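The values are calculated or read from the model by the stated rules, or taken from the named source; none is laboratory data. Predicted, not measured: the structure shown is a model, and the values here were computed from it. Note that each Cβ is placed from the backbone with ideal geometry, even for glycine, and that neighbours are counted across all protein chains shown.
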Amino acid sequence: MAAARYSQTGRPLSASTICSTLGALKAFFVWLADQPGYASKIRYAEADYFNTPYNLSRTGGAQRYVEFPTLAHVRAMLDAMPAETAVQYRDRALVAFAILTGARDRAIVSFSLKHVDLERDVGIQDAREVRTKGAKTFTTGFSPSARISGKSLSKGSATFAR
């Protein structure tokens with residue numbers, strides 16, 4: 001399988017493609033071994049032939065470095081955003097809130113003011129009202145390193161505003 005190539009490009013298959021294909025084949029053969037008419041012909045142990053070699057599975061499942069903006073990039077973006085209308089201020093506030101809390105975009109759009117505690121510098125992600133991943137309730141503290149201007153929101157300053 002390591003010598004297999006993409007039919008369109010002719011390039012070798014990546015380690016992650018090989019691992020996911022072998023995993024799907026293994027799951028299919030385990031399922032097939034349970035089906036009437038096949039149970040006597042295919043044993044569960046035969047699905048083990050689709051295990052990936054150790055080094056290939058380590059390479060195929062490795063986490064890759066993902067580029068992301070630095071806080072300086074975020075500050076430059078916020079500085080470049082217009083702030084003349086209420087909608088533009090809201091947009092800036094959403095970006096600032098996202099960087100302060102690290103909350104997911106789906107959760108951020110479902111936050112309301114009652115979910116923000118400026119006294120304790122936290123965002124309360126109540127799964128009954130905020131669309132959190134896995135419907136989990138938790139509290140997110142404002143990131144100290146994200147306070148670009150060095151001022152706390154609880155002091156009444158608009159940390160990211162002009």
Inset, instruction - Quick one: count up the residues across segment 133-145 that are assigned to a loop (DSSP other than H, G, I, E, B) and polar (S, T, N, Q). - result: 2
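Could you please find all residues in segment 105-132 being in a strand (DSSP E or B) and not hydrophobic (A, V, I, L, M, F, W, C)? Let's see the steps before the verdict.
Here is the first cut: in segment 105-132, the ones in a strand (DSSP E or B) are 116-117, 122-125.
The answer is Asp117, Gly123, Gln125.
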Legend entry - Residue satisfying condition, being charged (D, E, K, R), under 30 Å from Ala96 (Cα atoms) and either touching a Phe, Trp or Tyr at 6+ places or on another chain (Cβ under 7 Å) or at pLDDT 80 or above (or both), within set Glu67, Glu46: Glu67
Legend entry - Any pair with Cβ under 6 angstrom, 6 or more apart, that starts in segment 57-83 at a residue that is under 30 Å from Ser14 (Cβ atoms) and ends at one that is of a type in the set (A, V, I, L, M, F, W, C): Ser57/Cys19; Thr59/Ala15; Gly60/Ala15; Gly60/Cys19
Inset, instruction - Consider Ala96 carefully, then state whether it is surrounded by 12 or more Cβ atoms within 10 Å (Cβ to Cβ), under 21 Å from Thr137 (Cα atoms) and not charged (D, E, K, R). - result: no
Legend entry - Close pairs from segment 84-105: first in the same structural domain as Asp121 (by TED's automatic domain parsing), partner surrounded by fewer than 15 Cβ atoms within 10 Å (Cβ to Cβ) and of a type in the set (S, T, N, Q), Cβ under 6 Å, at least 6 apart: Leu100/Ser143
Inset, instruction - Report whether or not Arg92 is within 30 Å of Ser20 (Cα to Cα) and either assigned to a helix (DSSP H, G or I) or among the charged types (D, E, K, R) (or both). - result: no
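Filter segment 60-89 for residues that are small (Gly, Ala, Ser) and part of a loop (DSSP other than H, G, I, E, B); which is farthest from the chain's Cα centre (by Cα)?
Step one: list which residues in segment 60-89 are small (Gly, Ala, Ser), which gives 60-62, 72, 76, 80, 83, 86.
Filter once more, so that each one left must be part of a loop (DSSP other than H, G, I, E, B): 61-62, 83.
Numbers: Gly61: 16, Ala62: 16, Ala83: 30 Å.
Among residues in segment 60-89 that are small (Gly, Ala, Ser) and part of a loop (DSSP other than H, G, I, E, B), the one farthest from the chain's Cα centre (by Cα) is Ala83.
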